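Some notes on the structure that comes next.
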Amino acid sequence: MEEAILPFPGLCSRGIPLILLGSFISDGSSPNKVIIGNGERFANLDAAIISRVQCRIVALDLRGHGETKVRNSEDLSAETMAKDVGNVVEAMYGDLPPPIMLIGHSMGGAIAVHTASSNLVPSLLGLCMIDVVEGTAMDALNSMQNFLRGRPKTFKSLENAIEWSVKSGQIRNLESARVSMVGQVKQCEGITSPEGSKSITQNLLLLLQTKKDHPYTWRIELAKTEKYWDGWFRGLSNLFLSCPIPKLLLLAGVDRLDKDLTIGQMQGKFQMQVLPQCGHAVHEDAPDKVAEAVATFLIRHRFAEPIGGFQW
């Protein structure tokens with residue numbers, strides 16, 4: 001069979017594309033990986049998946065999360081970001097996209113569901129959410145601002161950011177933290193709101209000193225996205241259940257299930273797997289276990305072929 005000609009150089013035409021939704025950076029070292037924009041938080045997971053099954057990885061950089069430039073980077077509504085996913089797929093494959101599976105973690109999982117339910121990827125044949133449940137997410141939103149206020153606003157170095165992520169429990173895998181945090185922080189461009197009573201020179205010196213002592217800050221200011229939080233998660237469980245394709249839900253704990261998903265799981269409407277001893281960043285804490293679950297799902301539904309002697 002002839003190799004398909006695809007619009008992105010280096011894009012391997014063999015294997016189902018798995019589109020990962022989040023904020024990423026990757027080195028593009030594998031011919032089976034396509035990195036759009038800036039991507040990092042799935043870097044260990046994508047390598048683990050492509051070592052088990054024949055597939056391609058498309059790590060899509062959601063607006064406002066990385067280095068991709070858009071007209072309105074502050075529009076992080078579920079509708080807009082879902083349309084972004086559809087637009088990227090169309091730009092990559094034109095009118096004849098291959099069968100595709102969407103995989104998303106947390107907010108990225110919510111966007112994957114909104115994309116699927118709106119039929120923005122017509123060739124979609126599989127959907128995977130990683131540790132995102134409507135009930136748990138909606139409950140957590142009440143304390144989210146307090147959580148954000150409690151974390152550091154700046155870091156002295158990348159090593160300092162990595163150390164914080166592990167000690168705080170945000171990421172429990174040091175190797176993953178070393179990859180992930182590079183994409184979550186950026187070099188400070190400046191410090192706002194200097195004291196008005198000081199002279200311009202004093203304010204400039206203060207700004208330069210602050211930037212020197214704490215040169216890194218968060219890439220995205222999550223507190224400013226609060227108006228979109230409800231739209232990401234409200235109604236998510238029923239949207240997920242209504243998608244007429246095979247579905248996989250990976251959770252860090254069974255206690256995260258809400259009523260709708262509990263009923264749906266008992267009715268066999270989706271496959272679920274709990275990965276204990278993981279935090280919310282399941283795919284970073286245990287990339288091999290998540291890769292094994294995804295690979296098994298792909299093979300079971302005959303979406304992909306195993307490679308490297310992978311036993312499922």
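Here are a few things to note about the model shown:
- LYS224 being charged (D, E, K, R), touching a helix residue (DSSP H, G or I) at 6+ places or on another chain (Cβ under 6 Å) and surrounded by fewer than 20 Cβ atoms within 10 Å (Cβ to Cβ): no
One line per residue, one yes/no per condition, for (1) farther than 16 Å from LEU124 by Cβ; (2) out of contact with any Asp or Glu (no Cβ under 9 Å at 6 or more places or on another chain); (3) surrounded by 19 or more Cβ atoms within 10 Å (Cβ to Cβ):
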| site | (1), (2), (3) |
| --- | --- |
| SER242 | no, yes, no |
| LYS247 | no, yes, yes |
| ASP255 | yes, yes, no |
| GLN267 | yes, yes, no |
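- The residue that is nearest to the chain's Cα centre (by Cα), among those in the range 239-262 that are assigned to a helix (DSSP H, G or I) and either modelled with pLDDT of 95 or more or hydroxyl-bearing (Ser, Thr, Tyr) (or both), is PHE240.
- Number of residues in the range 139-184 that are of a type in the set (A, V, I, L, M), within 30 Å of GLY264 (Cβ to Cβ) and surrounded by fewer than 16 Cβ atoms within 10 Å (Cβ to Cβ): the value is 3.
- Qualifying residue in the range 124-133 (condition: under 24 Å from THR296 (Cα atoms), charged (D, E, K, R) and either at pLDDT below 90 or surrounded by 22 or more Cβ atoms within 10 Å (Cβ to Cβ) (or both)): yes
- Residue pairs whose Cβ atoms lie under 9 Å apart, sitting 6 or more positions apart in sequence or on different chains, and linking a residue in the range 132-146 that is farther than 18 Å from VAL113 by Cβ to a partner that is assigned to a helix (DSSP H, G or I) and open to solvent by less than 40 Å² (accessible area, probe 1.4 Å), are MET144/TRP229.
- Selection within the range 46-103 - within 20 Å of GLY126 (Cβ to Cβ) and in a loop (DSSP other than H, G, I, E, B): SER51, ARG52, GLN54, LEU62, LEU96, PRO97, PRO98, PRO99
- Here the condition is being without any contact (Cβ under 8 Å) to a residue 40 or more places away in the chain and touching a Leu at 6+ places or on another chain (Cβ under 6 Å); of GLY108, GLY150, GLY86, it holds for GLY86 alone.
- Against the numbered list (1) over 11 Å from ILE19 (Cβ atoms); (2) in a helix (DSSP H, G or I); (3) out of contact with any His (no Cβ under 6 Å at 6 or more places or on another chain); (4) at pLDDT 85 or above, LEU141 comes up short only at (4).
Yes or no, residue by residue, for (1) among the charged types (D, E, K, R); (2) modelled with pLDDT under 90:
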residue	(1), (2)
ILE57	no, yes
LEU60	no, yes
ARG71	yes, yes
SER77	no, no
ALA82	no, no
ASN87	no, no
PRO98	no, no
MET101	no, no
MET107	no, yes
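- Of all residues making up the range 225-234, the number that are touching an Asp or Glu at 6+ places or on another chain (Cβ under 9 Å) and either at pLDDT 95 or above or assigned to a helix (DSSP H, G or I) (or both): 4
The values are calculated or read from the model by the stated rules, or taken from the named source; none is laboratory data. The shown structure was predicted, so the numbers you read here are calculated from the model rather than taken from an experiment. Glycine gets a Cβ as well: all are built from the backbone with ideal geometry, and neighbour counts include every protein chain shown. Side chains are part of the model used for accessible areas, which takes the heavy atoms of the whole protein and leaves out ligands, DNA and RNA. Shrake-Rupley method; radii C 1.70, N 1.55, O 1.52, S 1.80 Å.
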